[in-house]
1. Restricting to the stretch 16-35, name every residue that is in a loop (DSSP other than H, G, I, E, B), over 26 Å from residue 61 (Cα atoms) and not basic (Lys, Arg).
2. Looking for something more than 12 Å from residue 5 (Cβ to Cβ), at pLDDT 85 or above and small (Gly, Ala, Ser) - is there at least one such residue anywhere in the stretch 67-79?
3. What pairs come out if I take residues in the stretch 36-63 that are among the acidic types (Asp, Glu) and pair them with residues that are at pLDDT 95 or above whose C-beta lies under 6 Å away, six or more apart or interchain?
4. Which count do you get for residues in the stretch 9-57 that are polar (S, T, N, Q), surrounded by fewer than 17 Cβ atoms within 10 Å (Cβ to Cβ), touching a Leu at 6+ places or on another chain (Cβ under 9 Å) and under 15 Å from residue 72 (Cβ atoms)?
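The values are calculated or read from the model by the stated rules, or taken from the named source; none is laboratory data. Note that the structure is predicted; figures quoted are calculated from it, not measured. Counting neighbours? That spans all protein chains shown, and the Cβs are built from the backbone with ideal geometry, glycine included.
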Amino acid sequence: MKLYAGLDLHSRNTFIGIMDKEFKRVFAKQVPNNLPLIIKTLEPFQDQLQGIVVESTYNWYWLIDGLMDAGYDCLHFANPSAMDYTSYCTSFRFENLKVHSETVEKP
């Protein structure tokens with residue numbers, strides 16, 4: 001199954017959302033910003049991941065470098081200041097990526 005991941009990187013934690021090609025949520029979890037933990041979290045999906053999008057904020061370097069070193073070669077950046085959120089919400093069913101405290105597994 002082809003899967004696609006989005007990593008919403010914050011100063012202390014990262015929200016990992018994984019969807020299939022039909023935009024159905026397969027996995028959602030918030031984890032601390034700990035590279036080995038993030039890699040371990042993604043590991044069960046590694047062979048199926050076709051793309052990983054990371055928001056290009058000021059603190060992304062360590063995450064991208066670590067994922068590349070771990071064998072993830074399908075990395076992409078999202079520039080939030082250049083995104084058309086109206087089109088994005090409609091085209092990619094943004095509601096599937098919303099973080100709801102009752103549906104996100106926290107560490």
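1. Of the residues in the stretch 16-35, the ones in a loop (DSSP other than H, G, I, E, B) are 21-24, 33-34.
Now drop any that are not over 26 Å from residue 61 (Cα atoms), which leaves 21-24.
Residues satisfying the conditions are 22, 23.
2. Yes, the conditions are met somewhere in the stretch 67-79.
3. Within 6 Å, no pair qualifies.
4. Summing the residues that are polar (S, T, N, Q), surrounded by fewer than 17 Cβ atoms within 10 Å (Cβ to Cβ), touching a Leu at 6+ places or on another chain (Cβ under 9 Å) and under 15 Å from residue 72 (Cβ atoms) in the stretch 9-57 gives 2.
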